[in-house]
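**Student:** I have a structure I would like to understand better, so I am pasting it below and will then ask my questions one at a time.
Readers should treat all values here as calculations from the given coordinates under stated rules, not as data from a laboratory. Just so it is clear, the structure is predicted and the values come from calculations on it, not from any experiment. Using ideal geometry, Cβ is built from the backbone for each residue, glycine included, and neighbour counts are taken over all protein chains shown.
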Amino acid sequence: MLTVGSNKTIVGASGATIAGCGLNVSGAKNVIIKNLVFRDWSDDAVNVQHSTNVWIDHNTLSHGYDGAIDIKRASDYVTVSWNHVFDHDKTMLLGHSDDNGAEDRGHLRVTYHHNWFDGTVQRHPRVRFGNPVHVFNNYYYNNSGYGVASTVEAGVLVEGNYFENVADPYHRGEGSSPGGNLVARDNYKVNSGAGDTGGGVASIPYSYTLDSPSSVRSIVRSGAGAH
């Protein structure tokens, strides 16, 4: 993987592509990754660990080996926005291990908004320990595994998203990981399941404006991904 240090902005020109590897943001702060195409990576496309104030925006990611965008190891204040992910399985992991609570508690506060999860399988995101994690105005389409999973002390607000053909839009617990907290509100569903909710989530520490959930499909399809 290619290492990205602190105070770096990487913005791709039209068609800029990283193929066969990814970016590693480790022990860094104030990083922007924008307008890149990632494909065929052998590890993760974007790995964020021990890092703060990171913005991953308007990228297109497909056909990689492991995570598209994985955030872990006490990273904090990360925004993942306007990305298009397709032809991929393990999409976005937040928190890498059930046993890493001593490091992760009080961190992993991440916002995911206006992403297009286009036929991807799972982890949109899969969350451990982060609270609050805000998942809003994303478009989920034909996700055969599940949409969002809240596990191991996490607190996830799933708000104003558009789910289309997603039998399991969100749930608590995943695999051997115990259930976390998940609050769902104002989501729009087409041919999708009810989802599983429970518990409470810490207050969102910023002001924001939601797009109408019924409009999210058209808004995200026209705007997400690298340009």
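**Student:** What order do you get for PHE136, PHE129, PHE163 when you list them from fewest to most C-beta neighbours inside 10 Å?
**Tutor:** Going from least to most buried by this count: PHE136, PHE129, PHE163.
**Student:** Residue by residue through region 43-60, which ³J(HN,Hα) values in whole Hz follow from phi under the Karplus form 6.51 cos²θ - 1.76 cosθ + 1.60 (θ = phi - 60°), with glycine and proline marked x?
**Tutor:** The phi angles translate into 10, 10, 6, 9, 10, 10, 9, 6, 10, 9, 6, 10, 10, 10, 9, 6, 10, 10 Hz.
**Student:** Exposure proxy check: THR151, THR197 ranked by fewest other beta carbons within 10 Å?
**Tutor:** In order of increasing Cβ crowding within 10 Å: THR197, THR151.
**Student:** Still on this model: Please state the equivalent ellipsoid semi-axes for the chain: what are the square roots of 5 times the Cα gyration tensor eigenvalues, largest first, in whole Å? Can you show the working numbers first?
**Tutor:** Values: eigenvalues 112, 86, 51 Å².
Taking √(5λ) for each eigenvalue gives 24, 21, 16 Å, largest first.
**Student:** May I ask which residue of ALA194, LEU182, VAL48 lies farthest towards the positive end of the charge dipole of region 2-223, with charges of +1 (Lys, Arg) and -1 (Asp, Glu) on Cβ and the Cα centre as origin?
**Tutor:** VAL48
**Student:** If we count other beta carbons within 10 Å of each Cβ, what is the order of ILE204, ILE18, ILE33, fewest first?
**Tutor:** ILE204, ILE18, ILE33
**Student:** Could you list which residues have their amide H under 5 Å from that of ILE32, counting only those 5 or more apart in sequence or on another chain, with H placed in the peptide plane?
**Tutor:** Under 5 Å from the amide H of ILE32: LYS8, THR9, ILE10, TRP55.
**Student:** Roughly how far apart, in whole Å, are the Cα centres of region 140-177 and region 54-86?
**Tutor:** Cα centres, region 140-177 to region 54-86: 16 Å.
**Student:** Please get the size of the charge dipole for the chain, origin at its Cα centre, with Cβ charges of +1 on Lys and Arg and -1 on Asp and Glu, quoted in debye to the nearest 20.
**Tutor:** Computed charge dipole of the chain: roughly 420 debye.
**Student:** List the residues whose amide H sits under 5 Å from the amide H of THR60, counting only those 5 or more places along or on another chain, with H placed 1.01 Å from N in the peptide plane.
**Tutor:** LEU36, VAL37, PHE38, HIS84, ALA226
**Student:** State the answer as a single residue: which of PHE129, MET92, TYR112 lies farthest towards the positive end of the charge dipole of region 2-223, with beta carbon charges of +1 for Lys and Arg and -1 for Asp and Glu, about the Cα centre.
**Tutor:** So the residue we want is TYR112.
**Student:** Still on this structure, please answer the following. With each run of n ≥ 4 DSSP H residues scored as -39500 (n - 2.57), what mean residue ellipticity at 222 nm is computed for the chain after dividing by its residue count and rounding to the nearest 500 deg cm²/dmol?
**Tutor:** -1000 deg cm²/dmol
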